Amino acid sequence: MTRHCPTRRTIGSVVLAMTTAFVAATTTASATAAEPLPAISPRAETPVLHDDDAGGNADADDPAIWRNTADPARSLVIATAKEGGLRAYDLDARPVQSVAAPPAEGPDDAPGRFNNVDLVRGLKLSSGTADLAVTSDRGHDRLRFYRIDRDRPGGPLTDITVPTAPPVFSADQGEINEQRTAYGLATWQDKASGRSYALVSQRERTRVALLELLPAAGGKVTYRKVRTLDLPSSFRLPNGTSWSPCAEPGELPQVEGMVVDPANGTLYAGQEDVGIWRMRADLTGKPELVDKVREYGVPGVYDEETEECEAGADPGYGGKRISADVEGLTLVNEDDGDGYLLASSQGDDTFAAYDRELSDHNEYEGGFRVAPAGGTLDGSEECDGAAALNEPLGPKYPHGLLVVQDGHDAPGDGDRPATNFKFVDLGKVMKTLDD
């Protein structure tokens with residue numbers, strides 16, 4: 001998340017300035033060579049969130065879709081709202097529950113801030129088996145766990161995090177306050193061992209950590225760090241030079257969007273200003289770059305006064321499908337083992353689809369936009385998180401659901417930051433990609 005996140009808004013202008021100029025130039029040059037991507041309209045949207053004091057500093061970011069196997073029509077979308085905590089919505093996009101982020105440890109410490117969310121099915125707890133929503137709390141550098149019970153009075157989400165759960169990346173509260181903390185998140189259940197894990201990325205760094213999720217007394221959950229992996233921050237270009245994405249001094253190209261293919265334990269990770277990586281979910285072996293952003297290799301010089309990067313000439317080493325930032329990654333599984341990896345291309349407000357099968361080398365299969373359905377139901381711009389579920393969800397979504405974040409809800413409310421989530425019929429997405 002770069003351009004609309006308040007704590008990244010100044011930093012994000014670095015990439016925004018480069019991306020805007022770059023995309024404008026390349027779009028003009030290629031407009032006659034490429035057909036416009038098809039547009040798909042959403043069916044519903046959640047109430048708008050406002051990232052200001054009056055709105056509780058709530059900022060829509062990342063969704064997950066929980067299927068109620070007993071009654072699919074009563075399934076839920078669980079989504080993060082940063083300092084606004086966690087939200088649960090029904091399939092009509094109506095709020096079901098709002099969970100506050102934990103308060104700051106002290107008056108000078110960072111408050112809780114829920115960045116990404118994913119689900120774990122059937123985790124064995126001391127109190128029995130449960131489905132969980134897992135979220136990265138960037139403010140406290142921790143994971144938090146919420147048991148899902150659709151019929152629980154007061155709301156389906158119950159916090160079952162062990163109070164002594166350790167920081168993911170920080171040694172102490174001082175380091176936590178620097179906010180190089182837990183950021184992107186994906187869960188993974190290893191079929192061979194039956195163990196459950198979370199993959200967590202570090203803000204403003206290239207590091208990804210593998211955490212094993214552990215049951216604790218009283219039906220609660222904690223975790224332990226297994227290992228970490230650092231993706232590159234500098235890249236050798238074909239002309240023999242070295243390139244790093246332009247950023248504010250001290251920052252490295254971070255990862256946020258991540259998803260694990262449960263069929264083969266493959267982790268896909270979006271390094272925002274670089275591209276999409278493929279690697280083993282246990283973080284062993286060598287990562288491979290599946291696709292690059294268009295801006296890959298474009299030099300930039302950071303201007304301290306404007307807090308922006310001045311982009312240089314494009315050497316032509318970037319990809320053709322996604323524009324920085326590459327953001328929300330999600331999988332569309334099909335019964336025959338086929339399916340798609342979907343990626344949010346935040347820089348040009350599109351979504352790219354890649355073949356899920358490794359034997360096809362994650363070949364690009366097409367793309368689409370989420371466009372307005374009318375004057376009051378707009379599309380998705382500058383999308384952060386996305387989640388897809390290719391299973392029947394009652395009469396509203398018999399062919400599955402795609403939920404995408406909208407970084408600029410329209411018509412909006414004056415100058416107030418306005419974000420929410422769009423619900424899209426996954427059947428329309430599949431038909432578009434299959435045509």
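Would you mind stating whether Leu283 is of a type in the set (A, V, I, L, M, F, W, C), part of a loop (DSSP other than H, G, I, E, B) and under 30 Å from Leu211 (Cα atoms)?
yes
In segment 409-427, is there at least one residue being surrounded by fewer than 16 Cβ atoms within 10 Å (Cβ to Cβ), in a loop (DSSP other than H, G, I, E, B) and touching a Gly at 6+ places or on another chain (Cβ under 8 Å)? Steps first, answer last, please.
Going residue by residue through segment 409-427, those that are surrounded by fewer than 16 Cβ atoms within 10 Å (Cβ to Cβ) are 410-416, 427.
Narrowing the set further to residues that are in a loop (DSSP other than H, G, I, E, B) leaves 410-412, 414-415.
Those still in the list that are touching a Gly at 6+ places or on another chain (Cβ under 8 Å) too: 411.
Within segment 409-427, one or more residues are surrounded by fewer than 16 Cβ atoms within 10 Å (Cβ to Cβ), in a loop (DSSP other than H, G, I, E, B) and touching a Gly at 6+ places or on another chain (Cβ under 8 Å).
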How many residues does segment 208-239 hold that are out of contact with any Lys or Arg (no Cβ under 9 Å at 6 or more places or on another chain), open to solvent by 40 Å² or more (accessible area, probe 1.4 Å) and not in a loop (DSSP other than H, G, I, E, B)?
8
Can you tell me which residue in segment 43-64 is farthest from Ala418 (Cα to Cα), limited to those that are open to solvent by less than 20 Å² (accessible area, probe 1.4 Å) and among the acidic types (Asp, Glu)?
Asp62
Hey, can you tell me all the residues within segment 45-92 that are closer than 16 Å to Gly400 by Cβ and of a type in the set (A, V, I, L, M, F, W, C)?
Ala64, Ile65, Trp66, Ala73, Leu76, Val77, Leu91
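Of all residues in segment 240-268 being more than 30 Å from Gly122 (Cα to Cα), touching a residue at least 12 places away in the same chain (Cβ under 8 Å) and small (Gly, Ala, Ser), which is least open to solvent (accessible area, probe 1.4 Å)? Explain how you work it out, then say what you get.
Applying the first criterion (more than 30 Å from Gly122 (Cα to Cα)) to segment 240-268 yields 240-254.
Checking which are touching a residue at least 12 places away in the same chain (Cβ under 8 Å) leaves us with 243, 245-254.
Next, from what is left, pick out any that are small (Gly, Ala, Ser): 247, 250.
Working: Ala247: 31, Gly250: 48 Å².
Only one residue tops the list, namely Ala247.
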If you check Val274, Val298, which single one turns out to be surrounded by 18 or more Cβ atoms within 10 Å (Cβ to Cβ), over 20 Å from the mean Cα position of the chain (by Cα) and modelled with pLDDT of 95 or more?
Val298
Do we find a residue being surrounded by fewer than 15 Cβ atoms within 10 Å (Cβ to Cβ) and not in a loop (DSSP other than H, G, I, E, B) anywhere in segment 168-188?
yes
Could you give me the residue pairs with C-beta distances under 6 Å whose first residue belongs to segment 288-310 and is touching a residue at least 60 places away in the same chain (Cβ under 8 Å) and within 28 Å of Tyr268 (Cα to Cα), whose second residue is surrounded by 15 or more Cβ atoms within 10 Å (Cβ to Cβ) and acidic (Asp, Glu) wherever it lies, and which are 6+ apart or on separate chains?
Val298/Asp314
Within segment 81-138, which residues are in contact with a Gly (Cβ under 7 Å, 6 or more places away or on another chain), in a loop (DSSP other than H, G, I, E, B) and either polar (S, T, N, Q) or at pLDDT below 95 (or both)?
Ala110, Ser126, Ser127
Criterion violated by Cys309 - all others in (1) open to solvent by less than 10 Å² (accessible area, probe 1.4 Å); (2) within 19 Å of the chain's Cα centre (by Cα) satisfied:
(2)
Give the number of residues within segment 324-345 that are under 20 Å from Ile65 (Cα atoms) and among the β-branched types (Val, Ile, Thr).
2
With respect to Ala324, is the statement that it is within 29 Å of Pro372 (Cβ to Cβ) and in a loop (DSSP other than H, G, I, E, B) true?
yes
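Conditions tested, residue by residue: (1) among the acidic types (Asp, Glu); (2) buried (at least 18 other Cβ atoms within 10 Å of the Cβ); (3) in a loop (DSSP other than H, G, I, E, B).
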position	(1), (2), (3)
Leu342	no, yes, no
Gly347	no, yes, no
Asn362	no, yes, yes
Gly366	no, no, no
Arg369	no, yes, no
Gly374	no, no, yes
Ser380	no, yes, yes
Glu391	yes, no, yes
Val403	no, yes, no
Quick check on my filter: what residues within segment 370-404 are over 18 Å from Asn333 (Cβ atoms) and more than 21 Å from the chain's Cα centre (by Cα)?
Pro372, Ala373, Gly374, Gly375, Thr376, Leu377, Gly394, Pro395, Lys396
Checked segment 189-207 for anything open to solvent by less than 20 Å² (accessible area, probe 1.4 Å), under 22 Å from Asp109 (Cβ atoms) and assigned to a loop (DSSP other than H, G, I, E, B); matches are Arg203, Glu204
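The values are calculated or read from the model by the stated rules, or taken from the named source; none is laboratory data. From a predicted model like this one, the values you see are computed outputs, not experimental measurements. Note: ideal-geometry Cβ built from the backbone for every residue, glycine included; neighbour counts use all protein chains shown. For the accessible areas, the whole protein counts, side chains as well, though only heavy atoms, and no ligand, DNA or RNA atoms are used. Shrake-Rupley method; radii C 1.70, N 1.55, O 1.52, S 1.80 Å.
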